[in-house]
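Since the structure comes first, as structure tokens, the remarks are kept for the end.
Computed from the coordinates by the stated procedures, all read-outs in this text should not be read as laboratory data. Just so we're clear, the structure is a prediction, and the values are computed from it rather than from any experiment. Note that each Cβ is placed from the backbone with ideal geometry, even for glycine, and that neighbours are counted across all protein chains shown.
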Amino acid sequence: MARHLDLGRKGETLAKTHLENAGYEILDENWTHGKLEVDLIAYKNKVIIFTEVKTRTGNRFGEPEDFVDNRKQKLLAEAADEYIYLMNHQGEVRFDIISVLFDHQNNYILKHIEDAFWPTTM
């Protein structure tokens, strides 16, 4: 498997553990609808949280969360719309970003950005 995919999976595992330790229930991992994908879908306090996980080994070109651009936000919103419809969820939703930044010694900093954005398509 490609190194960047291994790194991404490692970051998603750390993000999932972080959410579970913070009291979130994980509803789905790598949920797909067509070509759309949501890394983690969690639930807490009657809110469904759609979470994008970004993992990097350096921040020379920006922080991991900087790579969740408007295009990615729109795609996440489209996937969220479908998920909400399928689950018949009538409550609140939220979009979070979890960034995981590794250094050369395999240490990492995990940053959970709650309510990171609100897509204009919803």
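Quick notes on this structure:
- Residues satisfying the stated conditions in region 59-87, i.e. farther than 16 Å from TRP31 by Cβ and either part of a loop (DSSP other than H, G, I, E, B) or of a type in the set (D, E, K, R) (or both): ASN59, ARG60, PHE61, GLY62, GLU63, GLU65, ASP66, VAL68, ASP69, ARG71, LYS74
- Of the candidates GLU78, GLU65, the single residue that is acidic (Asp, Glu), surrounded by 14 or more Cβ atoms within 10 Å (Cβ to Cβ), within 30 Å of GLN105 (Cβ to Cβ) and in contact (Cβ under 8 Å) with a residue 24 or more places away in the chain is GLU65.
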